[in-house]
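The values are calculated or read from the model by the stated rules, or taken from the named source; none is laboratory data. Everything numeric in this text was worked out from a predicted model, so none of it was measured. With ideal geometry, Cβ positions are generated from the backbone for all residues, glycine too; neighbour counts draw on all protein chains shown. Each accessible area value is taken on the protein alone, full model and side chains, heavy atoms only, with ligands, DNA and RNA left out. Shrake-Rupley method; radii C 1.70, N 1.55, O 1.52, S 1.80 Å.
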Amino acid sequence: MRSWSAPDIPSLDALGLGRGPAPQVHDTAAGAARELDPEGTARMYVCGITPYDATHLGHASTYLAFDLLQRVWRDRGLDVTYVQNVTDVDDPLLERADATGEDWVALAERETELFRTDMTALRIIPPQHYMGAVEAIDLVVALIGRLEEAGAVYRVDDDLYFDVHADPAFGGVSHLDAAVMATVFAERGGDPEREGKKDPLDCLLWLAERPGEPSWDSPFGKGRPGWHVECSAMALHHLGTGFDVQGGGSDLVFPHHEMSASEAQVATGEPFAKAYVHAGMVALDGEKMSKSKGNLELVSRLREAGHDPMAIRLALLGHHYRSDWEWFAGDLEAAEQRLARWRAAVERPAGADAGSLVADVRDAMSSDLDAPRALTIIDEWAATEGTDESAPATVRAVVDALLGVAL
Ligand code: ZN
């Protein structure tokens, strides 16, 4: 599937500023910060959208977090192989298409294209491999075959289920107990109550063809993939095992990332990812922003209203990626004022020496992507007068390279 166009990213090293430190990032599975400093190339998988509605600020905030991690890695001098999926066939998409009478393929294509446009406007670094579930059916079928060989697959009617306890490490991402898992599983698309399952937590690998729904041929009969196995298959195909980061919103910790990891681990006998990194949830009107509740603020709506995408990006950067926070319209007004102050500051013929600013912003961003601290550092520089004629250009490059804001 076509990705979106990449923003230009200045190299601070090429500007004589050297390379930045390795990132320390909070790993949900370890419950602690972890240094992510691979040799040469960092490998990252971030779970993508189900394209049945437009990109809201919760999505934007999540993909921005992993964009920041990429920027720290690149400033470190690493290449990054980045994979993201599009769940372009799944129940919520088919249900929406059914409700509105629209063709599900057309709906998915339209919303995926709007997502690309939003990501481009926000200067989010695109994945090299952007892959739809429909494109990945062969990969999914092959992975289910490996799980069958491992004795971890069974049938309920004509559907295939994964035996989660085939993975001795099951539970190692979320560390939830079985009762909480069952509750959360039911809330997030799982079917703990289905009769015939060996364990309530076993998850669907292959849904046999249902009347009126799309399906594909497979050795196990016509059907379509379950959600978790889609990501296991794509990540293993493009990144292999033991890749650096499996990422997404915190609502994916369980069941999605737990299940994806276990499926991959049973199929390969090796750990899936080194770290599991999760972005917080964004609320509006006192509740988590979600399609099902309808309390959304859309990136596209803000853009159409004439707001500078760089101000939207700055408004999101004002919140630490791991925190849960609430969006208020005032956030955007404050970000627009900050953007104007920064733009005026880098247009000055000279400014305060930026040597410590470069080190301080790098320290903030490599310390679990602390963007709010980085914003404060830039604010202080912008509010200070100085005589260093090279400083404005240096600050412009740092803000672009590490925060992704074009001034
Ligand atoms: Zn996923």
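Quick one: in the stretch 363-377, of everything that is touching a helix residue (DSSP H, G or I) at 6+ places or on another chain (Cβ under 7 Å) and open to solvent by 20 Å² or more (accessible area, probe 1.4 Å), which residue is farthest from A335 (Cα to Cα)? Let's see the steps before the verdict.
Of the stretch 363-377, the ones touching a helix residue (DSSP H, G or I) at 6+ places or on another chain (Cβ under 7 Å) are 364-366, 369-371, 373-375, 377.
Within this subset, residues satisfying the condition of being open to solvent by 20 Å² or more (accessible area, probe 1.4 Å) are 370, 373, 377.
Values: D370: 17, R373: 15, I377: 15 Å.
That would be D370.
Among the listed residues R74, R34, identify the single one that is among the charged types (D, E, K, R) and outside any helix (DSSP H, G or I).
R34
Condition test on G40, is it more than 17 Å from the chain's Cα centre (by Cα) and free of Cβ contacts under 8 Å to residues at least 12 places away in the same chain? Walk me through how you get there before you give the answer.
Details: more than 17 Å from the chain's Cα centre (by Cα): yes; free of Cβ contacts under 8 Å to residues at least 12 places away in the same chain: no.
Taking the combined requirement at face value, the residue does not satisfy it.
Got a number for residues in the stretch 26-51 being more than 16 Å from the ligand (Cβ to nearest atom) and open to solvent by 10 Å² or more (accessible area, probe 1.4 Å)?
Summing the residues that are more than 16 Å from the ligand (Cβ to nearest atom) and open to solvent by 10 Å² or more (accessible area, probe 1.4 Å) in the stretch 26-51 gives 12.
Considering Y130, Y82, which residue is within 16 Å of the ligand (Cβ to nearest atom), touching a Pro at 6+ places or on another chain (Cβ under 7 Å) and not β-branched (V, I, T)?
Y82
Return the pairs, sorted by first residue and then second, in which the second residue is more than 9 Å from the ligand (Cβ to nearest atom) and in a helix (DSSP H, G or I), the first residue lies in the stretch 246-259 and is closer than 18 Å to A186 by Cβ, the beta carbons are less than 6 Å apart, and the residues are 6+ apart or on different chains.
Hits for this filter: F254/V184; P255/F185.
Of the conditions (1) touching a residue at least 12 places away in the same chain (Cβ under 8 Å); (2) over 30 Å from L332 (Cα atoms), L68 clears all except one; give me its number.
The failed condition is (2).
What number of residues in the stretch 213-228 are in contact with a helix residue (DSSP H, G or I) (Cβ under 8 Å, 6 or more places away or on another chain) and either among the small types (G, A, S) or farther than 21 Å from D103 by Cα (or both)?
4
So which of Y130, Y154 ends up being of a type in the set (S, T, Y), over 14 Å from H228 (Cα atoms) and touching a Phe, Trp or Tyr at 6+ places or on another chain (Cβ under 7 Å)?
Result of the check over Y130, Y154: Y154.
If you take just the strands (runs of 3 or more DSSP E) that sit entirely in the stretch 137-214, which of them hold at least 3 residues that are under 23 Å from L93 (Cβ atoms) and of a type in the set (A, V, I, L, M)?
In the stretch 137-214, 203-208 are the strands (runs of 3 or more DSSP E) which contain 3 or more residues that are under 23 Å from L93 (Cβ atoms) and of a type in the set (A, V, I, L, M).
Tell me the residue from D400, D379 that is at pLDDT 95 or above, touching a Pro at 6+ places or on another chain (Cβ under 7 Å), in a helix (DSSP H, G or I) and of a type in the set (D, E, K, R), please.
After ruling out the rest, the residue left standing is D400.
Limited to the stretch 52-79, what total is found for residues that are among the hydroxyl-bearing types (S, T, Y) and within 14 Å of the ligand (Cβ to nearest atom)? Before you say what the answer is, go through the steps one by one.
So the first thing to find is which residues in the stretch 52-79 are among the hydroxyl-bearing types (S, T, Y), and the list is 52, 55, 61-63.
Of the ones still in play, those that are also within 14 Å of the ligand (Cβ to nearest atom) are 62-63.
Total meeting the criteria: 2.
Identify the single condition in (1) of a type in the set (D, E, K, R); (2) away from the ligand (no atom under 16 Å from the Cβ); (3) in contact with a strand residue (DSSP E or B) (Cβ under 8 Å, 6 or more places away or on another chain); (4) within 28 Å of H129 (Cβ to Cβ) that E230 does not satisfy, given that it satisfies every other one.
(2)
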